[in-house]
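To start, the structure under review is shown below, and the notes come after it.
The values are calculated or read from the model by the stated rules, or taken from the named source; none is laboratory data. Just so it is clear, the model here is predicted, and its values are computed rather than measured. Here the Cβ positions follow ideal geometry from the backbone for every residue, glycine too, while neighbour counts run over all protein chains shown. To get the accessible areas, we keep the full protein, side chains included, count just its heavy atoms, and leave off ligands, DNA and RNA. Shrake-Rupley method; radii C 1.70, N 1.55, O 1.52, S 1.80 Å.
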Amino acid sequence: MLELERQTDPLTESNCYLLGEGGGAVIIDPNDPARVPARLEELGWTPELILLTHEHCDHMAGLEALRERWPQAVVVTSEACSAGIQSKRLNMTQLMEVYLTFRGKTGVSYPPFVCRPADRTYGDTWETVWRGHRLQCTALPGHTPGSAGIFLDGTTFFSGDYLIPGEDVILRLPGGSADDYNAHTKPFLDNLAPGLQICPGHGAPFTLTERSGHDH
């Protein structure tokens with residue numbers, strides 16, 4: 001039976017989601033290089049797939065630590081996300097200390113870093129069946145060039161930095177595009193079906209209602 005666990009990084013308040021079944025795991029947005037591997041060890045889960053909703057460092061700071069511990073895990077991202085994690089500008093590590101100060105977390109040291117490219121990339125969509133569960137990734141540019149949404153079995157949607165309760169979508173960071181968001185991503189999000197379980201990149205999961213689907 002599939003288990004789903006959320007790990008929240010106390011510094012950036014970003015979410016990592018761990019999906020486990022039969023001793024294997026899918027990791028979505030590994031946000032912490034120490035906590036995520038430690039939790040996987042506690043659970044006895046071996047990462048088989050690692051997926052990213054976008055290239056920002058608060059959603060992939062633990063990526064290389066996972067790859068070093070479990071080199072057989074396959075990293076899948078959009079093409080633009082794979083490029084972005086290799087850029088200190090696009091992955092936000094150059095700006096993270098300023099950003100954290102803006103969010104009220106002063107005096108934090110956040111050395112810039114990059115990640116190796118993804119093992120597999122996709123342009124518009126990618127899907128696979130993992131241990132009987134269908135995972136579907138869809139490129140959703142706007143917040144970043146490499147942003148994507150990830151469906152699990154058509155009932156759960158990992159939305160990254162879209163559909164965050166109480167927050168507007170941020171489009172002004174490096175690589176952000178209001179044009180891409182309004183032309184492609186906003187219509188997609190507006191058409192998500194009510195009843196879908198939303199697992200956002202920040203904040204608690206929630207069930208999409210008719211109204212919340214059109215607020216963003």
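Determine, from the Cβ-Cβ distance of E13 and Q86 and an R0 of 22 Å, the FRET efficiency 1/(1 + (r/R0)^6), rounded to the nearest 0.05. Let's see the in-between values first.
Numbers: r = 25 Å, r/R0 = 1.13.
The formula returns an efficiency of 0.35 here.
Please give the charge dipole size of region 94-216, origin at the Cα centre, charges +1 on K and R Cβ atoms and -1 on D and E Cβ atoms. Round to the nearest 20 debye.
Numbers: 9 positive and 13 negative charges, 74 e Å.
Using Cβ point charges on Lys, Arg, Asp and Glu, region 94-216 gives about 360 debye.
Charges only on Cβ, +1 for Lys and Arg, -1 for Asp and Glu: so what's the dipole of the chain about the Cα centre, in debye to the nearest 20? It would help to have the intermediate numbers written out before the result.
Numbers: 16 positive and 28 negative charges, 67 e Å.
For the chain, the charge dipole is close to 320 debye.
Any idea what Rg and Dmax come out to for region 85-174 if you just take the C-alpha atoms, in Å?
15.7, 46
Given labels modelled 7 Å from the Cα in the Cβ direction, how far is it in nm from E127 to E79?
Label-label distance for E127 and E79, simple model: 2.1 nm.
Using a 1.4 angstrom probe and counting only protein chains, how large is the accessible area of Y99 in Å², to 10?
It works out to around 60 Å².
Output the peptides 152-158, 101-107, 11-17 sorted from most to least packed, where packing is the average of other Cβ atoms within 10 Å over each peptide's residues. Could you put the intermediate results ahead of the total?
Details: 152-158: 17.4, 101-107: 10.1, 11-17: 21.6.
Ranking, from highest mean packing down: 11-17, 152-158, 101-107.
How high is the FRET efficiency from F206 to L2, r the C-beta distance, R0 22 Å, rounded to 0.05? Kindly include the intermediate steps, with their values, before the conclusion.
Values: r = 19 Å, r/R0 = 0.87.
The formula returns an efficiency of 0.70 here.
Order the following by accessible area, largest value first: E55, E127. Probe radius 1.4 Å; ligands, DNA and RNA are ignored. Provide the component values of the computation, followed by the final result.
Details: E55 0, E127 100 Å².
So, going from the largest accessible area down, we get E127, E55.
Express in Å², to the nearest 10, the accessible area of V108 obtained by rolling a 1.4 Å probe over the protein heavy atoms while all chains stay in place.
Rounded to the nearest 10, that gives 40 Å².
Sort D168, D180 by heavy-atom solvent-accessible area, probe 1.4 angstrom, most to least. If you can, show how the numbers build up before the last one.
On the way: D168 135, D180 70 Å².
The ranking, largest first, comes out as D168, D180.
Given +1 on the Cβ of Lys and Arg, -1 on the Cβ of Asp and Glu, and no further charges, what dipole in debye does region 1-78 carry about its Cα centre, rounded to the nearest 20?
So the magnitude is around 120 debye.
Report the extension gain between R172 and R120 in nm, rounded to one decimal, defined as 0.36 nm multiplied by the number of residues separating them, less their alpha carbon distance. Working shown, then result.
Numbers: separation 52, 0.36 × 52 = 18.72 nm, distance 2.79 nm.
Full-extension gain reported as 15.9 nm.
For the chain, taking Cα atoms only, what is the radius of gyration to one decimal and the Dmax to the nearest whole Å?
Cα-based Rg and Dmax for the chain come out at 16.0, 46 Å.
Enter the accessible area of H56 (Å², nearest 10), with the probe set to 1.4 Å and all protein chains included.
For H56, solvent-accessible area is about 10 Å².
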